[in-house]
Amino acid sequence: MEKIRKHIIFRGCVQGVGFRYTAYHAAQKFGVTGWVKNMYDGSVAAEFEGTEADIDSTVACIDSGRYIRIESMEVKRIPAEGDSMFSIR
């Protein structure tokens, strides 16, 4: 299956609720690489690399977090980089 990469800006109740750690563990679970970080405007930016299905599963897993409330996502498909791990920045 083809690996793709998506850059996503998450908005809503996404900071101070364990979003980055939930993203890290979801990425590990589905074999997705990339990174996640808090932004100064209260949003969270992330890049996920893997199959479309694995990225979708990762995002769905994050969205099911107990206190996380994703109100909107700005999604851009970008070239794959071949990361070997997922990191919190």
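The values are calculated or read from the model by the stated rules, or taken from the named source; none is laboratory data. Bear in mind that the values here come from a model prediction, so they are computed numbers and not experimental data. Please note: Cβ atoms are built from the backbone with ideal geometry, for glycine as well, and neighbour counts cover all protein chains shown.
Of everything listed in (1) farther than 16 Å from residue 88 by Cα; (2) touching a residue at least 60 places away in the same chain (Cβ under 8 Å); (3) surrounded by fewer than 16 Cβ atoms within 10 Å (Cβ to Cβ), the single unmet condition for residue 21 is (1). Filtered by the rule that a residue be among the charged types (D, E, K, R), surrounded by 15 or more Cβ atoms within 10 Å (Cβ to Cβ), touching a residue at least 24 places away in the same chain (Cβ under 8 Å) and out of contact with any Ser or Thr (no Cβ under 8 Å at 6 or more places or on another chain), region 41-89 gives 47, 54.
Filtered by the rule that a residue be of a type outside the set (Gly, Ala, Ser) and either modelled with pLDDT under 95 or more than 15 Å from residue 89 (Cα to Cα) (or both), region 24-52 gives 28, 29, 30, 32, 41, 49, 51, 52. Tell me which of these residue 60 doesn't satisfy, since it passes every other one: (1) part of a helix (DSSP H, G or I); (2) within 19 Å of residue 83 (Cβ to Cβ); (3) of a type outside the set (Ser, Thr, Tyr). So the condition that residue 60 fails would be (2). Counting only residues that are under 16 Å from residue 42 (Cα atoms), surrounded by 18 or more Cβ atoms within 10 Å (Cβ to Cβ) and under 9 Å from the mean Cα position of the chain (by Cα), region 3-18 holds 2 of them. Of the conditions (1) of a type outside the set (Ser, Thr, Tyr); (2) under 10 Å from the mean Cα position of the chain (by Cα); (3) at negative phi; (4) buried (at least 16 other Cβ atoms within 10 Å of the Cβ), residue 34 fails just one. Which one is it? So residue 34 meets the others, but not (3).
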